[in-house]
1. Would you check if residue 67 is within 19 Å of residue 120 (Cα to Cα) and touching a residue at least 12 places away in the same chain (Cβ under 8 Å)?
2. What residue, among those in region 33-58 that are open to solvent by 50 Å² or more (accessible area, probe 1.4 Å) and charged (D, E, K, R), is farthest from residue 98 (Cα to Cα)?
3. Which of the residues spanning region 23-55 are under 9 Å from the mean Cα position of the chain (by Cα) and polar (S, T, N, Q)?
4. Test each condition in (1) closer than 11 Å to residue 77 by Cβ; (2) within 11 Å of the chain's Cα centre (by Cα); (3) not basic (Lys, Arg) for residue 6 and report the one that comes out false.
5. How about region 86-123: which of its residues are surrounded by 14 or more Cβ atoms within 10 Å (Cβ to Cβ), of a type in the set (Ser, Thr, Tyr) and part of a strand (DSSP E or B)?
6. Do you know which residues across region 1-32 are over 18 Å from residue 113 (Cβ atoms) and crowded, with 19+ Cβ neighbours inside 10 Å?
7. Within region 1-36, how many residues are under 17 Å from residue 48 (Cα atoms) and among the basic types (Lys, Arg)?
8. Quick one: count up the residues across region 65-85 that are in a loop (DSSP other than H, G, I, E, B) and surrounded by 22 or more Cβ atoms within 10 Å (Cβ to Cβ).
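The values are calculated or read from the model by the stated rules, or taken from the named source; none is laboratory data. All values reported here derive from a predicted model rather than from experimental measurement. Here the Cβ positions follow ideal geometry from the backbone for every residue, glycine too, while neighbour counts run over all protein chains shown. Note: areas computed on protein heavy atoms with side chains; ligands, DNA, RNA excluded. Shrake-Rupley method; radii C 1.70, N 1.55, O 1.52, S 1.80 Å.
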Amino acid sequence: QVQVVESGGGSARLGDSLRLSCAASGRTFKIYTVGWFRQAPGKERQFVANINANGDITNYADSVKGRYTVSRDNAKNTVYLQMNNLKPEDTALYYCAASNRYPAWHVTHYTYWGQGTQVTVSS
């Protein structure tokens, strides 16, 4: 069993940066793929990025590639999402999720979900 809690969201302006954190409980966290998803009002939850258990493979949605960086510190049971050059279209509720499979790019591939942290970007 893994529990994940997101933090670090907030309000930002066009071009700003934010860093989200996903803190997990459970000794087995280090074996899980961790993904970030986001959901804007009225839209489906979409994949943003993920990182494999070892932290040496990452994947990104085209919309964030080159601006977002996902990383993990297994010693701290934490995964990070560094978001640079933010745009208004990045506004959404951001979720962290853990999966016991890799690859994992779809919401159905993930078992454990946090409650989300809101990111709002204004122009």
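1. yes
2. Out of the qualifying residues, it is 43.
3. 50
4. Condition not satisfied by residue 6: (1).
5. 94, 95, 99, 112, 117, 120
6. Residues of region 1-32 over 18 Å from residue 113 (Cβ atoms): 10-19, 27, 30.
Passing the criteria: 12, 18.
7. Of the residues in that region, 1 qualify.
8. 0
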